[in-house]
Amino acid sequence: MKNYDTVIFDLDGLLADTETNWYKVCKELMGSYGKEFTLDAYVRDHSGKTIVDNAELYIKNYDLPLTTEECVDWLISTEMRYVEKGVPMMEGAMELLQYLREKSYKVILGTSSKLDRALTILK
């Protein structure tokens, strides 16, 4: 049996609860145009897609008067406002990281986030 000494984690939704912020961002976007945005819609349509895909979906489904680029820029800047206030860790994440540290595991973080966003979340 092979022993492993390294664990790779994704940042968003696994270590950090960024999904809650993204829902708030999307709800804020829709609300600014008088549209309702439900948690069910978020769960059904948002997760697992790129920000460009989501922007195009929101523009089409909610008849938003934005270009894809404008929508993406708005989503990114608004989400950073939330991130800068702090992002909670997922339940059990700190305990797991502490356990891995105590057992001398190497921990690697993988993310598609831009470096400044990832570092802000980690702080």
Please identify the pairs in which a residue from the range 86-103 that is aromatic (Phe, Trp, Tyr) has its Cβ atom under 9 Å from the Cβ atom of a residue that is open to solvent by 70 Å² or more (accessible area, probe 1.4 Å) and modelled with pLDDT of 95 or more, counting only partners at least 6 apart or on another chain. Tyr99/Tyr105
Which of the residues that make up the range 97-123 are surrounded by 16 or more Cβ atoms within 10 Å (Cβ to Cβ) and within 20 Å of Asn3 (Cβ to Cβ)? Leu97, Leu100
Residue that is most open to solvent (accessible area, probe 1.4 Å) [pool: residues in the range 59-81 that are touching a helix residue (DSSP H, G or I) at 6+ places or on another chain (Cβ under 9 Å) and farther than 15 Å from Ser32 by Cβ]: Glu69
If you go through the range 50-69 one residue at a time, do you hit one that is at pLDDT below 95 and under 30 Å from Thr6 (Cβ atoms)? yes
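Are any residues in the range 37-57 in a loop (DSSP other than H, G, I, E, B) and buried (at least 17 other Cβ atoms within 10 Å of the Cβ), and if so, which ones?
First, pick out the residues of the range 37-57 that are in a loop (DSSP other than H, G, I, E, B): 37-38, 46-50.
Those that are in a loop (DSSP other than H, G, I, E, B) and buried (at least 17 other Cβ atoms within 10 Å of the Cβ): Phe37, His46.
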All but one of (1) closer than 21 Å to Thr120 by Cβ; (2) of a type in the set (Gly, Ala, Ser); (3) modelled with pLDDT of 95 or more hold for Gly86, so report the exception by its number. (3)
What pairs come up if the first residue lies in the range 8-27 and is of a type in the set (S, T, N, Q), the second is open to solvent by 40 Å² or more (accessible area, probe 1.4 Å) and in a helix (DSSP H, G or I), and their beta carbons are under 7 Å apart, counting only those six or more places apart or on different chains? Asn21/Tyr82
The residue that is surrounded by the fewest Cβ atoms within 10 Å (Cβ to Cβ), considering only those in the range 1-36 that are in contact with a helix residue (DSSP H, G or I) (Cβ under 7 Å, 6 or more places away or on another chain) and outside any helix (DSSP H, G or I), is Glu36
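The values are calculated or read from the model by the stated rules, or taken from the named source; none is laboratory data. Quick caveat: nothing in here was measured; it's all calculated off a predicted structure. Neighbour counts run over all protein chains shown; Cβ positions are idealised from the backbone, glycine included. Areas reflect the complete protein model, heavy atoms only, side chains present, ligands, DNA and RNA absent. Shrake-Rupley method; radii C 1.70, N 1.55, O 1.52, S 1.80 Å.
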